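Worksheet for the structure shown next.
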Amino acid sequence: MKKYTIITLLAMGIAGSAVMTSCKGKNDPGTIYMPDMTYSRAVETYAPLDSLLFTADYNTPGAKIYYNRKTVAGTIQRGELFPYTLPNDSNGYRMSAQVKNPLPPLSGVDSLEASRLFNINCAICHGANGQATGPLAVSGKVGGIANLALPIYVEMADGTMYHTIQYGKNNMGSYASQLNRKERWQMVQYIRTLQPKAAGAAAGTSAAPTAKADSSATAKTK
Ligand code: HEC
């Protein structure tokens with residue numbers, strides 16, 4: 001038994017030295033089987049990410065390390081929007097009307113992204129046109145869905161819309177965990193593009209409620 005142990009130990013020694021000597025250079029890590037161990041996740045704060053090693057896109061195929069640059073709780077990134085500090089209560093809701101949208105006008109890639117995010121997160125209720133024509137509105141599964149083309153929403157302050165997107169309101173949930181601050185403000189901007197312009201508001205909204213009333217009526221009779 002002892003003999004076998006000695007032989008095994010010897011064999012392991014030889015194998016071990018073979019592995020050691022097979023290294024190409026002092027700094028070559030050899031085959032990387034645990035990238036987290038080889039490449040430190042400690043990233044320099046403002047340095048650009050090494051795109052060969054890291055990816056911030058979870059869907060990127062390949063053996064890159066996913067690193068989303070999330071900041072420590074209580075801190076904000078350089079260039080990031082300041083936190084929205086109004087509380088989630090009736091006072092906060094009232095004061096939200098004073099909060100200005102911090103973003104420049106929506107354009108280019110941002111418009112496309114905003115439209116994508118609205119269609120994923122909001123259209124199921126509000127409809128792609130914002131007029132409460134989404135499947136959950138038509139089926140009657142969720143009640144009281146706002147027709148965002150109505151004058152009350154055309155006149156609603158950006159800050160109030162933002163407040164509701166951040167905290168939710170009645171049957172609408174909070175989108176604070178699905179959309180970041182910039183994206184939440186972009187939703188407000190995108191809703192503006194769906195709304196009839198103030199001058200044409202009467203024409204745009206007189207048709208919308210009728211269409212909605214029709215669809216909910218048919219939904220109820222089913
Ligand atoms: C589950 C269905 C549902 C989804 C999904 C939904 N909403 Fe709503 N939304 C509602 C309902 C219901 C209301 C009416 C709330 C009330 O006043 O009672 C509403 C109201 C609103 C209002 C008016 C806010 C106010 O203060 O009266 C805005 C703006 C709005 N939604 C934007 C959005 C955006 C942007 C998204 C996507 C990020 C979204 N909603 C997703 C159901 C939804």
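Worth pointing out:
- Solvent-accessible surface ranking, highest first, for 177, 96 at 1.4 angstrom: 177, 96
- A Förster distance of 30 Å, applied to the separation of the beta-carbon atoms of residue 112 and residue 26, puts the FRET efficiency at 0.05.
- Centre separation in Å (Cα based) which lies between the stretch 106-123 and the stretch 130-185: 14
- Among 73-79, 153-159, 49-55, sorting by the average number of other beta carbon atoms lying within 10 angstrom of each residue, highest first, gives 153-159, 49-55, 73-79.
The values are calculated or read from the model by the stated rules, or taken from the named source; none is laboratory data. In this text, all values refer to a predicted model and were calculated from it rather than measured experimentally. Glycine gets a Cβ as well: all are built from the backbone with ideal geometry, and neighbour counts include every protein chain shown. Each accessible area value is taken on the protein alone, full model and side chains, heavy atoms only, with ligands, DNA and RNA left out. Shrake-Rupley method; radii C 1.70, N 1.55, O 1.52, S 1.80 Å.
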